[in-house]
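Beneath this line is the structure, given in structure tokens, with notes to follow.
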Amino acid sequence: MQRIRIGFVPIARPTFDLGLARDLTARVFAALVGYTVVGSTELVMDAAAVQSRISELAEARLDMLLLLQASFADSTMALELARSLDAPLLLWALPEAQVGGRLRINSFCGVNLAAHGLRRAGIAYETIAAAPEDPAAHVKLRDFAQAAMVKRRLQGARIGRLGKHPDGFATCLVNRAGLRSRLGVEVPQYDLPPFFQRARATSRERIDDLAESLRERLADFDAHNVDETRGTLGAYLALDELAKDEELDGVAVRCWPEFFTDLGCSACGAMSLLSDAQTPASCEADVNGTITQLILQWLSGEPAFGSDIVAFDLDADAATLWHCGLAPLAMADPAATPSATVHSNRAKPLLMQFPLKPGIVTLARLSEASGGFRLVIGSGEMLKAPMAFGGTSGRIRFDSGAAAVMDKLLGEGLEHHISLTYGEHQGALEMLARMLGLDSLRL
């Protein structure tokens, strides 16, 4: 995973206790482990120092700007830095001991002034008010930094759309202009017939090598029609090649009926392999689903999965997530051996079949159900459970309860695809929504 680049600027005023300000600044700087920090602990206290720091940071391709209020200062320097550096802004106020005598740094009041000035200027920011080593502060810093990294990476991201969404699937409509203006994402279009030609032209040797590696990972690999299985493998290799050639960050594929009728195989296994290699793929040409998977993948550093919610068991306070067989193999329950199977409706391979592994998961969806973009966010625990249906499935207990999620899903008319990855990433998603100027909706 790429290291997040933080621009670091401590501001102060000479009439306050600069010794304490420098000590606190050094402690904050030392605590920024795991990041690439651009800047220094030298206090910025006048307009000339501000301009010097701006020159240093302007070409650094920052993910975020951390403005540390090392002591009180008016909002002038904070506003100049925020206006000059195009990066999400985090303000950090420092506490001081209340033991009588002099107010030594008055950091909080300085951040209050900065926040007011930024708000009036229409500049977004987040805040921390905590000691340098406060664990909660570093959780918030991590969430902010990850969200800022995702925001930067979305600018110029490319999602290849193969074919168009099926009739009646308004959940998979693509809003190219909106995605470009709100997120910076481009959606190049590709037709299926030329892609099928490319898949058929994949070399036998490459397909043989891939088949040999999958025999070691999948039970029943050789139990299905050989030519149809090889068709799916050729489709995966062609998708992977297309992504590399066109510099695509993900793909959204019209998987039916043409994969079955024209190419003679299933797309599911190809998309599973692609997502497993961290080039996220969605079926039914669901561009927003692929973007959501990409966001979750960048946050977690692991593959993401675009799923349907197909059943609710309100008595057990649980729900079932399922798809035909395109979940990444990394999500398989280690106690179960994944197997190769055929599509439940079309009876053609190659699909992946396994129960999802237990663990904490974060769910999300870049949604347009309300007519504009929103980020839907949820969380829960994937339970250890047997397969509910053929393909890839998991039984989940939502943190907000099954009944509440079902009511929200149907009452809001949300899309039928929801994406998930393992781990807790809700804080970063909430911050990302604010950075992008999107409303968020909790499941």
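For the reader, a short list of remarks on this structure follows.
- Residues satisfying the stated conditions in region 364-387, i.e. crowded, with 16+ Cβ neighbours inside 10 Å and over 25 Å from ALA428 (Cβ atoms): ALA385, MET387
- Members of region 21-39 found to be within 20 Å of GLU133 (Cβ to Cβ) and of a type in the set (S, T, N, Q), listed by number: THR25
- Verdict on THR76 being polar (S, T, N, Q) and either touching a Pro at 6+ places or on another chain (Cβ under 8 Å) or more than 20 Å from TYR125 (Cα to Cα) (or both): no
- Region 128-147, subset in a helix (DSSP H, G or I) and of a type in the set (A, V, I, L, M), residue surrounded by the fewest Cβ atoms within 10 Å (Cβ to Cβ): ALA136
- Residues in region 237-247 that are surrounded by fewer than 24 Cβ atoms within 10 Å (Cβ to Cβ) and either touching a residue at least 24 places away in the same chain (Cβ under 8 Å) or outside any helix (DSSP H, G or I) (or both): LEU237, ALA238, ASP240, GLU241, LEU242, ALA243, GLU246, GLU247.
- The strands (runs of 3 or more DSSP E) falling completely within region 269-388 that include 1 or more residues that are touching a Pro at 6+ places or on another chain (Cβ under 7 Å) map to 305-313, 339-341, 351-355, 374-383.
- Residues in region 219-232 that are of a type in the set (A, V, I, L, M, F, W, C), touching a residue at least 60 places away in the same chain (Cβ under 8 Å) and within 24 Å of PHE196 (Cβ to Cβ): PHE221 only.
- Cβ-Cβ distances below 6 Å connect the following pairs, each with a first residue in region 144-157 that is farther than 13 Å from ARG180 by Cα, a second residue that is at pLDDT 95 or above and of a type in the set (Val, Ile, Thr), and a separation of six or more residues or different chains: ALA145/ILE4; MET149/ILE4; VAL150/ILE295.
Matching residues to (1) open to solvent by 30 Å² or more (accessible area, probe 1.4 Å); (2) under 15 Å from the mean Cα position of the chain (by Cα):
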site	(1), (2)
ASP249	yes, yes
VAL253	no, no
PHE259	no, no
GLY264	no, no
ALA277	yes, no
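- The residues of region 9-23 that are surrounded by 23 or more Cβ atoms within 10 Å (Cβ to Cβ) and under 16 Å from ALA78 (Cα atoms), listed by number, are VAL9, PRO10, ILE11, ALA12.
- Checking ALA270 against (1) farther than 18 Å from GLY325 by Cα; (2) of a type in the set (Gly, Ala, Ser); (3) within 30 Å of the chain's Cα centre (by Cα), the condition it does not meet: (1)
- Considering region 189-210, the residues that are hydroxyl-bearing (Ser, Thr, Tyr) and touching a residue at least 24 places away in the same chain (Cβ under 8 Å) include one that is most open to solvent (accessible area, probe 1.4 Å), namely TYR190.
- Picking from residues in region 167-188 that are farther than 13 Å from ALA285 by Cβ and either charged (D, E, K, R) or in a strand (DSSP E or B) (or both), the one that is least open to solvent (accessible area, probe 1.4 Å) is GLU186.
- A count restricted to region 294-311 and to residues that are crowded, with 19+ Cβ neighbours inside 10 Å and either at pLDDT below 95 or farther than 22 Å from GLU258 by Cα (or both) stands at 11.
- Of the criteria (1) within 30 Å of LEU438 (Cβ to Cβ); (2) free of Cβ contacts under 8 Å to residues at least 60 places away in the same chain; (3) open to solvent by 20 Å² or more (accessible area, probe 1.4 Å); (4) hydrophobic (A, V, I, L, M, F, W, C), which one ALA335 fails: (1)
- For region 400-437, taking the residues that are over 19 Å from SER300 (Cα atoms) and in contact with a Gly (Cβ under 8 Å, 6 or more places away or on another chain), the one that is most open to solvent (accessible area, probe 1.4 Å) is identified as SER400.
The values are calculated or read from the model by the stated rules, or taken from the named source; none is laboratory data. Fair warning: this is a prediction, and the values are worked out from it, not measured in the lab. Please note: Cβ atoms are built from the backbone with ideal geometry, for glycine as well, and neighbour counts cover all protein chains shown. Side chains included, ligands, DNA and RNA excluded: accessible areas come from the protein's heavy atoms. Shrake-Rupley method; radii C 1.70, N 1.55, O 1.52, S 1.80 Å.
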